[in-house]
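Q: Sharing a structure here in structure tokens format.
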Amino acid sequence: MIIVMGPNATKENIEGVQAKLEREGLRFHLSKGEDRTIVGVIGDKKKIANLEMNMMEGVEKTVRITEKYKLVSRDFHPADSVIDAGGVKIGGDRLVIMAGPCSVESLEQLREAARCVKEGGAQFLRGGAFKPRTSPYDFQGLGDEGLKMLRTVADEFGLKVITEVVDHDDIDLVGAYADVFQVGARNMQNFQMLKALGKARKPVLLKRGLSATISEWLNAAEYIMAGGNENVILCERGIRTYETFTRNTLDLSAVAAVKELSHLPVIVDPSHGTGRWQMVRPMARAAVAAGADGLIIEVHPHPEVALSDGDQSLKPKNFEAVMHEISQIANIMGKTL
Ligand code: PEP
Ligand code: MN
């Protein structure tokens, strides 16, 4: 349920509502807009069903929420959320770009990638140190060593770090090096890990699962927020369909859907979304035009020898071209890089 306070509601009226919710053993979430405050109610379903708030002073109306996710929902928080990731703002009128190799392979590789990422105007260096590979015989990542390399190189170039965490037990370790935790598509419904990330303070980029509906994806985000970490960024990275030409089908309509349903920032991954470097540039442009708050793009100095995802990695020259194009589209969308 959400309780919409009238435009003339006083601080005492709002405190009265909060006190009643506390007496009922319910939790609440306040969202202060320009002329109205919204009190989102969370807790036992039966208690909420029996709650009578319309007669309380200052209350304009109450609205029952049918969706299971609450904190994620735009009903609870009408304004777009802007997330602070180590000083870089994600959401609102900013366009955030995260770029770098699929996997951290060596200091040299990472430095070459980081130089191009920085020169192109991105704010984040991406790179996997723990890789969730489909085959156990494929490169699994450099682990701790990879994390150290990422931090070192990102600091050299004045970039922030985003990297994937694949195991609940690695959260503290990854958190010591990363500015943003990445939860990969394969772990979108790893509920134990989502709960643990709810206790972490750093932002979490939650990728959409391989075959996840929008509702399942938003419910996964709710797990993190319900745990206490409200800094969640959604990432559309393509879903599995019957199409085989592309690795996945990039669902750009999910950007518009999520913008309607949620206040959380949403970024798009055209690399995993298509699996083909040739398609990354047009899909990056389309994503920004669709209203995405940013992009995560795989860039490799030498994609032909990449240890993972070379087919979808941009060479530095192409990355530079994408950045040039999207900065112009961002202007039209009222966003700045
Ligand atoms: C990645 O970002 O390299 C990755 C493994 O992504 P996803 O979880 O979307 O497959
Ligand atoms: Mn990859």
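Q: Determine, yes or no, whether residue 298 is surrounded by fewer than 16 Cβ atoms within 10 Å (Cβ to Cβ), at pLDDT 95 or above and not in a loop (DSSP other than H, G, I, E, B).
A: no
Q: Could you list, in sequence order, all residues of segment 25-35 that are in contact (Cβ under 8 Å) with a residue 24 or more places away in the chain and either assigned by TED's automatic domain parsing to the domain that holds residue 227 or surrounded by fewer than 16 Cβ atoms within 10 Å (Cβ to Cβ) (or both)?
A: Those that are in contact (Cβ under 8 Å) with a residue 24 or more places away in the chain and either assigned by TED's automatic domain parsing to the domain that holds residue 227 or surrounded by fewer than 16 Cβ atoms within 10 Å (Cβ to Cβ) (or both): 33, 35.
Q: Report whether or not residue 39 is surrounded by 12 or more Cβ atoms within 10 Å (Cβ to Cβ), within 19 Å of residue 230 (Cβ to Cβ) and in contact (Cβ under 8 Å) with a residue 24 or more places away in the chain.
A: Criteria met by residue 39.
Q: Restricting segment 222-244 to residues that are more than 23 Å from residue 74 (Cβ to Cβ) and in contact (Cβ under 8 Å) with a residue 12 or more places away in the chain, which is surrounded by the most Cβ atoms within 10 Å (Cβ to Cβ)?
A: Top of the filtered list is 238.
Q: Could you tell me whether any residue of segment 135-143 is in a loop (DSSP other than H, G, I, E, B), among the small types (Gly, Ala, Ser) and surrounded by 18 or more Cβ atoms within 10 Å (Cβ to Cβ)?
A: The answer is yes, given that some residue of segment 135-143 is in a loop (DSSP other than H, G, I, E, B), among the small types (Gly, Ala, Ser) and surrounded by 18 or more Cβ atoms within 10 Å (Cβ to Cβ).
Q: Return the residues of segment 280-337 that are away from ligand 1 (no atom under 16 Å from the Cβ) and small (Gly, Ala, Ser); say none if nothing qualifies.
A: 286, 289, 290, 291, 321, 327, 330, 334
Q: Hey, another quick one. Given the options 219, 187, 231, name the one that is of a type in the set (S, T, N, Q) and more than 18 Å from residue 71 (Cα to Cα).
A: Just a single option satisfies the conditions, and that option is 187.
Q: Right, next: Would you please name the residue that is farthest from ligand 1 (Cβ to nearest atom), looking only at residues in segment 186-205 that are crowded, with 23+ Cβ neighbours inside 10 Å and in contact (Cβ under 8 Å) with a residue 60 or more places away in the chain?
A: Applying the filter and picking the extreme gives 203.
Q: Would you please name the residue that is farthest from ligand 2 (Cβ to nearest atom), looking only at residues in segment 117-134 that are out of contact with any strand residue (DSSP E or B) (no Cβ under 8 Å at 6 or more places or on another chain) and part of a loop (DSSP other than H, G, I, E, B)?
A: 134
The values are calculated or read from the model by the stated rules, or taken from the named source; none is laboratory data. Keep in mind that this is a model prediction, so the values were computed, not measured. Please note: Cβ atoms are built from the backbone with ideal geometry, for glycine as well, and neighbour counts cover all protein chains shown.
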